[in-house]
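Have a look at the structure below, then the notes.
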């Protein structure tokens with residue numbers, strides 16, 4: 001199911017101060033506050049590049065059972081996809097879940113990418 005991700009963009013100093021205030025219980029985030037904070041539009045633009053948006057569409061449509069299967073579909077290397085998907089996961093755009101397919105040698109299940117977000121709201125703090 002797709003949901004809206006709220007992304008805040010502000011300075012590293014503001015992010016750090018906010019995180020410390022939350023940890024010290026001096027500030028309680030409001031329900032509408034972004035859960036994801038980035039330091040620049042550049043990092044946001046990178047996460048939501050045209051290539052990544054196409055990747056998200058493919059994941060949503062084809063529902064691959066593993067990153068390896070997604071690599072086959074896209075022709076991209078698994079290591080490259082893993083890095084991209086971890087970035088998108090940190091932004092709350094995808095989840096990397098344990099697949100229900102057969103276990104890999106060694107007992108580990110493959111990791112399945114799942115698109116969470118289809119909409120984005122942004123908050124900018126100077």
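For region 1-32, a residue qualifies if it is more than 14 Å from residue 92 (Cα to Cα) and in a loop (DSSP other than H, G, I, E, B), and the qualifying residues are 10, 11, 24, 25, 26, 27, 28, 29, 30, 31, 32.
Can you find a residue in region 79-90 that is more than 11 Å from the chain's Cα centre (by Cα) and loosely packed, with under 15 Cβ neighbours inside 10 Å?
Just the residues of region 79-90 that are more than 11 Å from the chain's Cα centre (by Cα), to begin with: 79-82.
Still in the list and also loosely packed, with under 15 Cβ neighbours inside 10 Å: 79-80.
Looking for residues that are more than 11 Å from the chain's Cα centre (by Cα) and loosely packed, with under 15 Cβ neighbours inside 10 Å, one finds at least one in region 79-90, hence yes.
Applying the condition of being modelled with pLDDT of 90 or more and in a loop (DSSP other than H, G, I, E, B) to region 40-74 and asking which residue is farthest from residue 98 (Cα to Cα) yields 49. In the condition set (1) surrounded by fewer than 18 Cβ atoms within 10 Å (Cβ to Cβ); (2) in a strand (DSSP E or B), residue 112 is compliant with all but (1). Taken as a whole, the condition of being within 18 Å of residue 5 (Cα to Cα) and assigned to a loop (DSSP other than H, G, I, E, B) does not apply to residue 118. Tell me whether region 91-98 contains one or more residues that are in contact with a helix residue (DSSP H, G or I) (Cβ under 8 Å, 6 or more places away or on another chain), surrounded by 16 or more Cβ atoms within 10 Å (Cβ to Cβ) and part of a strand (DSSP E or B). For region 91-98, residues in contact with a helix residue (DSSP H, G or I) (Cβ under 8 Å, 6 or more places away or on another chain), surrounded by 16 or more Cβ atoms within 10 Å (Cβ to Cβ) and part of a strand (DSSP E or B): present. From the set of residues in region 2-34 that are closer than 20 Å to residue 44 by Cα and in contact with a helix residue (DSSP H, G or I) (Cβ under 7 Å, 6 or more places away or on another chain), which is surrounded by the most Cβ atoms within 10 Å (Cβ to Cβ)? For region 2-34, the residue satisfying everything is 7.
Looking only at residues of region 57-78 that are touching a residue at least 12 places away in the same chain (Cβ under 8 Å) and in contact with a helix residue (DSSP H, G or I) (Cβ under 8 Å, 6 or more places away or on another chain), we find that the one that is surrounded by the most Cβ atoms within 10 Å (Cβ to Cβ) is 70.
The values are calculated or read from the model by the stated rules, or taken from the named source; none is laboratory data. Being a predicted model, the structure only gives us computed values, none of them experimental. Note that each Cβ is placed from the backbone with ideal geometry, even for glycine, and that neighbours are counted across all protein chains shown.
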